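The values are calculated or read from the model by the stated rules, or taken from the named source; none is laboratory data. Computed from a predicted model, the values in this text were never measured in an experiment. Backbone-built Cβ (ideal geometry, glycine too); neighbour counts: all protein chains shown.
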Amino acid sequence: MALLRRLGGETAVTDSPSSTVLKEEVKPKRNTVDIDLENKLHNYLVDEIKNNPTINEQNLKEKIKELVEPFFDNEGEYLTFEEKNILLSSVESELTGYGPITPLLLDPSITEVMVNGPLDVYYEKKGKLYKSNVSFRDDDHVTRVIERIVSPLGRRIDESVPMVDARLPDGSRVNAIIPPLALNGPTITIRKFSQTPFTADDLVQFGTLTREMAQFLDACVKARLNLFISGGTGSGKTTTLNVLSAFIPNDERIVTIEDAAELKLSQEHVVSLEARPANIEGQGAITIRDLVRNSLRMRPDRIIVGEVRSAEALDMLQAMNTGHDGSLGTGHANSPRDILSRLETMVLMAGMDLPVRAIREQIAGAIDLIIQQNRLKDGTRKITHITEVIGMEGDVIVLQDLFVFKESGVSIDGKIQGKLVSTGIRPYCMDAFELNGIKLPSSMFTEEW
């Protein structure tokens with residue numbers, strides 16, 4: 001029944017190519033004969049699927065290929081083999097995927113897809129934005145794709161709820177906003193995630209961090225230090241959080257808390273919690289703060305908050321200060337010092353009339369390490385600072401950088417040159433490592449001149 005509801009009222013109109021090879025140019029629109037034939041094929045397939053109750057999501061693609069042959073024999077005699085494949089691919093994208101953007105979502109080298117109305121579709125590849133050669137027919141076509149994304153999650157989008165956050169089955173993050181708020185037409189932003197989660201070795205290969213930094217962060221997680229990842233939008237915070245989560249031993253109970261479930265943990269004992277927006281009456285919202293409070297009653301060994309952005313910062317800091325060591329979280333900030341200021345602001349958003357010094361003491365006591373990640377001008381993502389929180393000195397939280405990215409210039413092809421190096425400072429947390437039987441070579445913290 002779910003399959004029939006999804007297929008029922010949709011119109012198959014798309015200019016999507018059959019290949020995922022993209023060009024930085026807008027593809028000319030197909031003529032009306034092609035569009036009419038595509039609509040006819042779509043309606044034919046929908047009717048056949050409705051009349052065949054044995055077809056389900058698993059065998060839908062195979063059945064479409066079987067059903068399309070008699071249609072082409074009767075209606076598509078004048079079409080070439082390549083034109084038939086293009087037509088079949090377009091209709092398949094409508095029935096089994098997400099319309100014209102399906103090839104972009106299937107391309108593993110594309111990290112983000114942006115639909116700015118029906119005619120302008122962009123994508124990000126290796127940190128750079130390109131305009132794609134696909135388009136939708138009209139606003140209604142884009143809206144139908146949005147509804148297909150959000151309806152399985154029990155969410156809706158219309159004039160009363162014109163904005164929605166959702167996720168695809170593979171964990172990719174989706175944000176959608178429609179008119180009258182979006183003046184260009186229905187807008188979709190999809191942050192894609194790899195089907196196989198990245199490992200520390202992958203980040204070392206990408207140049208995001210060095211092997212020594214990965215070894216140090218592994219030790220920090222196993223020693224149950226509280227880590228906070230900060231960075232700008234699209235800097236790779238969630239990817240790094242996923243990598244750090246992989247260092248957690250398999251015999252611990254992990255509770256993850258997110259706005260939209262994205263983390264893919266390999267451990268066996270994982271409880272994933274997801275926030276819920278308010279319903280059409282404005283009731284029933286479950287916030288990140290509510291979930292953080294609830295998680296404290298779930299006997300967690302580790303609490304992982306996908307993104308701290310509001311009053312939940314207070315509950316997160318209190319959890320870190322009351323025996324829930326080894327917690328992980330992320331937040332938006334441009335530097336390690338900035339994330340401390342943002343945490344102060346977020347704690348005040350909880351409505352507590354606390355003195356600034358008390359808030360700073362909570363922060364200094366809770367967080368052991370700040371990992372700053374940035375997306376550089378050339379599109380590469382790097383951990384630019386690993387900074388230790390020492391404590392309070394007067395009214396100021398004392399920080400010390402352990403690893404930094406030293407930029408040295410720009411190459412001819414526009415790539416930023418630099419090196420990730422140790423500052424030569426021995427971390428305070430080395431004592432915690434020794435208590436947990438973790439030994440790191442002292443040469444790891446030797447400054448390079």
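Determine whether I370 is of a type outside the set (G, A, S), in contact with a Gly (Cβ under 8 Å, 6 or more places away or on another chain) and closer than 24 Å to S245 by Cβ.
Details: of a type outside the set (G, A, S): yes; in contact with a Gly (Cβ under 8 Å, 6 or more places away or on another chain): no; closer than 24 Å to S245 by Cβ: yes.
So I370 fails the test.
Among the residues of the stretch 246-284, write down those that are among the small types (G, A, S) and surrounded by fewer than 19 Cβ atoms within 10 Å (Cβ to Cβ).
Answer for the stretch 246-284, where residues must be among the small types (G, A, S) and surrounded by fewer than 19 Cβ atoms within 10 Å (Cβ to Cβ): A246, A261, S266, S272, A278, G282, G284.
Report yes if L291 is crowded, with 16+ Cβ neighbours inside 10 Å, at pLDDT 90 or above and closer than 30 Å to P441 by Cβ, otherwise no.
no
Looking at E69, is it part of a helix (DSSP H, G or I), over 27 Å from V113 (Cα atoms), over 36 Å from the mean Cα position of the chain (by Cα) and at pLDDT below 70? Even if it seems obvious, please write down each step before you answer.
Numbers: part of a helix (DSSP H, G or I): yes; over 27 Å from V113 (Cα atoms): yes; over 36 Å from the mean Cα position of the chain (by Cα): yes; at pLDDT below 70: no.
Here the answer is no, as E69 does not meet what is asked.
Taking S230 as the residue in question, decide whether it is out of contact with any Leu (no Cβ under 8 Å at 6 or more places or on another chain), of a type in the set (S, T, N, Q) and in contact (Cβ under 8 Å) with a residue 60 or more places away in the chain.
So S230 passes the test.
Can you pull out every residue in the stretch 377-426 that is part of a loop (DSSP other than H, G, I, E, B), touching a residue at least 60 places away in the same chain (Cβ under 8 Å) and not charged (D, E, K, R)?
Answer for the stretch 377-426, where residues must be part of a loop (DSSP other than H, G, I, E, B), touching a residue at least 60 places away in the same chain (Cβ under 8 Å) and not charged (D, E, K, R): G379, T380.
Examine the stretch 418-439 for a residue that is closer than 30 Å to T111 by Cα, surrounded by 12 or more Cβ atoms within 10 Å (Cβ to Cβ) and among the polar types (S, T, N, Q), and state whether such a residue exists.
no
When residues of the stretch 306-336 are filtered for being at pLDDT 90 or above, under 24 Å from A223 (Cα atoms), among the small types (G, A, S) and part of a loop (DSSP other than H, G, I, E, B), how many remain?
Residues that pass the stated criteria total 2.
If a residue must be polar (S, T, N, Q) and either closer than 11 Å to F228 by Cα or not assigned by TED's automatic domain parsing to the domain that holds A261 (or both), how many such residues does the stretch 311-347 contain?
Adding up the residues that qualify gives 2.
Sort through I359, I339, I363 and tell me the only one that's among the aliphatic types (A, V, I, L, M), modelled with pLDDT of 90 or more, farther than 25 Å from T199 by Cβ and touching a Phe, Trp or Tyr at 6+ places or on another chain (Cβ under 8 Å).
When all the criteria are applied, what remains is I339.
Go over the candidates F136, F206, F198, F228 one by one and state the one that is exposed (fewer than 15 other Cβ atoms within 10 Å of the Cβ), of a type in the set (F, W, Y) and in contact with a Ser or Thr (Cβ under 8 Å, 6 or more places away or on another chain).
Exactly one residue qualifies, and that residue is F206.
For the stretch 352-369, check the following and say yes or no: at least one residue is part of a loop (DSSP other than H, G, I, E, B), under 20 Å from the mean Cα position of the chain (by Cα) and under 25 Å from Y428 (Cβ atoms).
no
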